[in-house]
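Data block below; observations after.
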Amino acid sequence: MSRTRMAVAIGILVVFVVIGGILVLATRGGGGRPVTFDVTVTGATEMNPPNLTAHLNDTVTINVMSDTDGEVHLHLYDIAFEAKAGQTVSHTFKADKTCTCDIEWESTSKGLGTLVVSP
């Protein structure tokens with residue numbers, strides 16, 4: 001094989017390796033980092049912000065401040081925030097399940113928002 005052909009073959013191989021590496025890195029999930037959400041529940045009917053997003057394997061902390069006593073429940077992860085009016089209640093957990101998880105005011109089943117955990 002001539003030197004020119006060898007150089008072209010090596011160049012093509014390098015291009016494939018670089019493109020393959022870029023594709024692998026681009027399709028990996030963004031999980032594994034700490035994510036914190038500060039939410040406020042008003043009147044046991046509204047949560048601000050209503051939509052929370054994380055990636056699989058993130059360490060998620062949700063801080064809930066409510067103006068009413070009661071339970072805010074994060075479904076699928078089955079986490080209960082025992083809200084006391086004017087106080088912040090926090091839970092930290094590993095986002096180990098992909099989902100669109102409902103967050104509700106437990107006593108009335110009123111939907112407050114969602115936590116979306118994507119791959």
(request) Work from the charge dipole of the stretch 50-119 (Cβ charges, +1 for Lys and Arg, -1 for Asp and Glu, about the Cα centre) and give the residue of HIS75, GLY113, ASN57 farthest towards its positive end. (result) ASN57
(message) Students often forget the sequence filter, so: which aspartates and glutamates lie under 13 Å Cα-Cα from LYS110 once same-chain residues fewer than 8 apart are removed?
(response) GLU46, GLU71, ASP102
(request) Please give the peptides 58-66, 75-83, 90-98 ranked by average Cβ packing (other Cβ atoms within 10 Å per residue), highest first, as a rough proxy for protection. (result) 58-66, 75-83, 90-98
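Values in this text are rule-based calculations from the coordinates and carry no lab data. Bear in mind that the values here come from a model prediction, so they are computed numbers and not experimental data. Note that we place each Cβ from the backbone using ideal geometry, even for glycine, and neighbour counts take in every protein chain shown.
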